[in-house]
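Data first, discussion second: the structure below is written as structure tokens.
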């Protein structure tokens with residue numbers, strides 16, 4: 001048994017409202033009901049990345065990690081419903097903007113710590129995945145965020 005991340009990208013529109021850019025899919029594997037679920041980024045199980053995104057997931061990375069924030073109060077309705085679909089299985093929610101992730105990557109570049117180098121590799125791949133998802137949206141990095149939670 002392991003821990004999975006469910007991560008989704010939201011883009012802030014011109015009105016200031018956040019919109020989820022993921023597509024709804026129908027699955028009947030985990031919950032054989034009529035729910036539609038959002039297809040997440042497919043990050044998999046990168047525990048170094050998990051430790052960076054959420055302080056406390058991997059204690060050996062706590063000094064390099066982001067503090068947990070919980071779900072954003074202004075998240076899109078679609079993403080809110082997706083979180084609700086996970087019931088109590090969803091835990092340890094947070095969010096970060098692409099700008100924050102890039103700033104963290106820059107700060108890790110100047111660290112002389114081997115852990116920072118290993119995390120930077122995971123973070124760079126994650127940033128590139130986010131950029132690929134948002135490629136059709138021309139918005140500043142501060143208007144792109146990833147909302148995530150874990151389940152196990």
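Structure notes:
- Result for the chain in a Gaussian network model with C-alpha springs under 10 Å: among 79, 52, 109, the largest mean-square fluctuation is at 109.
- Taking label points 7 Å from Cα along the Cα-to-Cβ direction, residue 73 and residue 111 give a separation of 3.1 nm.
- Between helix 114-133 and the chain: long-axis angle, C-alpha atoms, 0 to 90°, nearest 10: 40
- In the elastic network of the chain, a GNM with C-alpha springs shorter than 10 Å, the most mobile of 133, 50, 87 is 87.
- Estimated inter-spin distance, residue 84 and residue 47, nm [label 7 Å along Cα→Cβ]: 3.5
- Dividing the summed helix terms, -39500 (n - 2.57) for each DSSP H run of n ≥ 4, by the number of residues in the chain produces a 222 nm estimate of -10000 deg cm²/dmol to the nearest 500.
- Efficiency of FRET from Cβ geometry, residue 132 and residue 3, R₀ 30 Å, rounded to 0.05: 0.80
- Calculated on the Cα set of segment 4-140, radius of gyration then Dmax: 15.7, 51 Å.
- Of 107, 88, 122, the one that fluctuates the most in a GNM where the chain has Cα springs shorter than 10 Å: 88
- Contact order relative to length of segment 4-140, as percent, for alpha carbon pairs under 8 angstrom and 6 or more apart: 21
- Virtual spin-label span in nm between residue 151 and residue 66, 7 Å along Cα→Cβ: 2.1
- Crossing angle, helix 98-109 versus the chain [Cα axis fit, 0-90 degrees, rounded to tens]: 20
We did not get these values from a lab; they are worked out from the coordinates using the rules stated. Predicted, not measured: the structure shown is a model, and the values here were computed from it. Cβ: placed from backbone, ideal geometry, glycine included. Neighbour counts: every protein chain shown.
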